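Read the structure below first, then the notes.
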């Protein structure tokens, strides 16, 4: 488990917008490790975990994309039972999972945006070591 920098790109909710973002990143040799697209009506938000978030941010700004950055928690090697344990621990401490994306398939990993990252990270470390 580790804190990661997530880049969120705000785009019109129209065909081809994801490919424009990916082309800008690929042109700079920046890999996309995980992503999620959230629908917000006429606009969308593409959440990205990048191999090099600093260069990715620069490349997207150069491409005139509107972006924001946030810290998220990435949890590797997770399955449904561990997700249940972690979500119960967070809920018990009043920490909200604002959104999450990933896979629970064998060797899966998830990314979580928490209402209180510092307390959430502490809670999850304790739950994982128990």
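Consider region 117-130. How many of its residues are in contact with a strand residue (DSSP E or B) (Cβ under 8 Å, 6 or more places away or on another chain) and either farther than 20 Å from residue 49 by Cβ or surrounded by 17 or more Cβ atoms within 10 Å (Cβ to Cβ) (or both)? Before you say what the answer is, go through the steps one by one.
First pass over region 117-130, keeping only residues in contact with a strand residue (DSSP E or B) (Cβ under 8 Å, 6 or more places away or on another chain): 117, 120-121, 124.
Restricting the remaining residues to those that are either farther than 20 Å from residue 49 by Cβ or surrounded by 17 or more Cβ atoms within 10 Å (Cβ to Cβ) (or both) gives 120-121, 124.
The total comes to 3.
When you go through 35, 43 one by one, which is the residue that is within 21 Å of residue 107 (Cβ to Cβ) and either surrounded by 12 or more Cβ atoms within 10 Å (Cβ to Cβ) or over 18 Å from the mean Cα position of the chain (by Cα) (or both)? I'd like the intermediate steps shown before the answer.
On the way: 43 fails: within 21 Å of residue 107 (Cβ to Cβ).
Answer to the selection: 35.
Can you confirm whether residue 22 is over 16 Å from residue 104 (Cβ atoms), modelled with pLDDT of 95 or more, outside the structural domain of residue 121 (by TED's automatic domain parsing) and not in a strand (DSSP E or B)?
Details: over 16 Å from residue 104 (Cβ atoms): yes; modelled with pLDDT of 95 or more: yes; outside the structural domain of residue 121 (by TED's automatic domain parsing): yes; not in a strand (DSSP E or B): yes.
Judged against the criteria, residue 22 is a match.
Which residues, counting only those in region 1-19, are assigned to a strand (DSSP E or B) and either in contact (Cβ under 8 Å) with a residue 60 or more places away in the chain or over 21 Å from residue 72 (Cβ atoms) (or both)?
First, the residues of region 1-19 that are assigned to a strand (DSSP E or B): 2-12.
Scanning region 1-19 gives 2, 3, 4, 5, 6, 7, 8, 12.
Looking at this structure, is residue 60 buried (at least 18 other Cβ atoms within 10 Å of the Cβ) and assigned to a strand (DSSP E or B)?
Here the answer is no, as residue 60 does not meet what is asked.
Can you spot a residue in region 64-81 that is modelled with pLDDT of 95 or more and assigned to a loop (DSSP other than H, G, I, E, B)?
Yes, because at least one residue in region 64-81 is modelled with pLDDT of 95 or more and assigned to a loop (DSSP other than H, G, I, E, B).
Does residue 114 qualify as being farther than 30 Å from residue 128 by Cα and surrounded by 12 or more Cβ atoms within 10 Å (Cβ to Cβ)?
Values: farther than 30 Å from residue 128 by Cα: no; surrounded by 12 or more Cβ atoms within 10 Å (Cβ to Cβ): yes.
Taking the combined requirement at face value, the residue does not satisfy it.
The values are calculated or read from the model by the stated rules, or taken from the named source; none is laboratory data. Keep in mind that this is a model prediction, so the values were computed, not measured. So basically every Cβ, Gly included, is an ideal-geometry build from the backbone, and we count neighbours across all protein chains shown.
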